[in-house]
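Colleague: Please find one structure pasted underneath; my questions will follow.
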Amino acid sequence: MRRAVCPGSFDPVTNGHLDIIGRASRLFDEVIVGVLINQSKAGLFTIDERISMLREVTESYRNVRVESFRGLLVDFCRAQEAAVVVKGLRAVSDFDYELQMAQMNIGLAGVETLFMPTNPLYSFLSSSLVKEVTKWGGDVSAHLPDVVADRLLARVTVPPKP
């Protein structure tokens, strides 16, 4: 079975994330969305909330499942019997960082990395940007699944317009 991991924090999941997950689901028999538990970084959504949202927005993909992990990505890949990590690249700056990670992962555990260029519609999109724009009252609903947009608006305090 060809199995891959799509790792990330997904705080929150965006349409850009879903594009990569969906495209990976067509290339592999099974895709595991790995939600990183990073205790040194406080997220807007809890791990359980992120997993719940991801499961809801990926339910149409029969070969995608969502799991959390802590520690090294290669250890998670080994535990899931996945030989490939799929990473979306938005820009050259992403490549610089991700190449180092890919080289470390192949050296540590023989885990390959597939770099997938982001659909140009999502090349500027990040979870951080979505949260920041929402915080200042901007409408990011076109960049998120509806259920995620609703939960983000409910979570973020938007200042009143002058």
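The values are calculated or read from the model by the stated rules, or taken from the named source; none is laboratory data. As the structure is a computational prediction, the values presented were derived from the model and not from experiment. Reconstructed Cβ throughout: ideal geometry from the backbone, glycine too, with neighbour counts over all protein chains shown. For accessibility, only protein heavy atoms count, side chains too; no ligands or nucleic acids. Shrake-Rupley method; radii C 1.70, N 1.55, O 1.52, S 1.80 Å.
Colleague: Among L99, L125, L54, which one shows the highest mean-square fluctuation when the chain is modelled as a Gaussian network with alpha-carbon springs under 10 Å?
Modeller: L99
Colleague: Within the chain, which is the longest segment that contains none of the GluC sites (Glu not before Pro) sitting in a DSSP loop with at most 16 other Cβ atoms within 10 Å?
Modeller: Looking at the chain, 82-162 is the longest stretch - no exposed GluC sites (Glu not before Pro) with at most 16 other Cβ atoms within 10 Å.
Colleague: Using alpha carbons only, how many degrees (0 to 90, rounded to 10) separate the axis of helix 146-155 from the longest principal axis of the chain?
Modeller: That helix lies at roughly 60 degrees to the long axis.
Colleague: Another question, if that's okay. Using alpha carbons only, how many degrees (0 to 90, rounded to 10) separate the axis of helix 15-27 from the longest principal axis of the chain?
Modeller: Helix 15-27 sits at roughly 30 degrees to that axis.
Colleague: Rounded, prolate or oblate: which one fits the chain, using the alpha carbon gyration tensor with axes a ≥ b ≥ c (rounded when a/c is under 1.5, else prolate when a/b beats b/c, else oblate)? Kindly include the intermediate steps, with their values, before the conclusion.
Modeller: Numbers: a/c = 1.77, a/b = 1.67, b/c = 1.06.
Note, shape of the chain comes out prolate.
Colleague: Another question about this same structure. Relative contact order for the chain: what is it in percent, counting Cα pairs under 8 Å that are at least 6 residues apart?
Modeller: Rounded, it is 27 percent for the chain.
Colleague: Hey, if you put +1 on the Cβ of every Lys and Arg and -1 on every Asp and Glu Cβ in the chain, which of H17, P7, S127 ends up farthest toward the positive end of that dipole?
Modeller: S127
Colleague: Using a Gaussian network model on the chain with a 10 Å cutoff between Cα atoms, which of S123, S68, S60 fluctuates the most?
Modeller: In this elastic network of the chain, the residue with the biggest mean-square fluctuation among S123, S68, S60 is S60.
Colleague: Report the charge-dipole magnitude of the chain in Debye, nearest 20, computed about the Cα centre from +1 at each Lys and Arg Cβ and -1 at each Asp and Glu Cβ. Let's see the in-between values first.
Modeller: Values: 18 positive and 19 negative charges, 22 e Å.
Taking the Cα centre of the chain as origin, the dipole is about 100 debye.
Colleague: Separate question: Whenever you get a sec, compute what percent of the accessible area on the chain sits on carbon and sulfur atoms (1.4 Å probe).
Modeller: Answer for the chain is 54 percent, counting heavy atoms of protein chains only.
Colleague: Tell me, what is the per residue accessible area of the chain in Å², probe radius 1.4 Å?
Modeller: Counting only protein heavy atoms, the per-residue value for the chain is 56 Å².
Colleague: With a ≥ b ≥ c the root eigenvalues of the C-alpha gyration tensor of segment 1-88, is it rounded (a/c under 1.5), prolate (a/b larger than b/c) or oblate?
Modeller: oblate
Colleague: Anyone know which of V64, V147, V92 comes out most mobile in the 10 Å Cα GNM of the chain?
Modeller: With Cα springs under 10 Å in the chain, the top fluctuation among V64, V147, V92 is at V92.
Colleague: Tell me, what is the 1.4 Å probe accessible area of K131, in Å² to the nearest 10?
Modeller: Result for K131: roughly 50 Å² accessible.
Colleague: By how many degrees, 0 to 90 and rounded to 10, does the Cα axis of helix 47-57 deviate from the longest principal axis of the chain?
Modeller: In the chain, helix 47-57 runs at an angle near 90 degrees to the longest axis.
Colleague: Per residue of the chain, what 222 nm ellipticity follows from adding -39500 (n - 2.57) for every DSSP H run with n ≥ 4, rounded to the nearest 500?
Modeller: Helix-only estimate at 222 nm: -13000 deg cm²/dmol.
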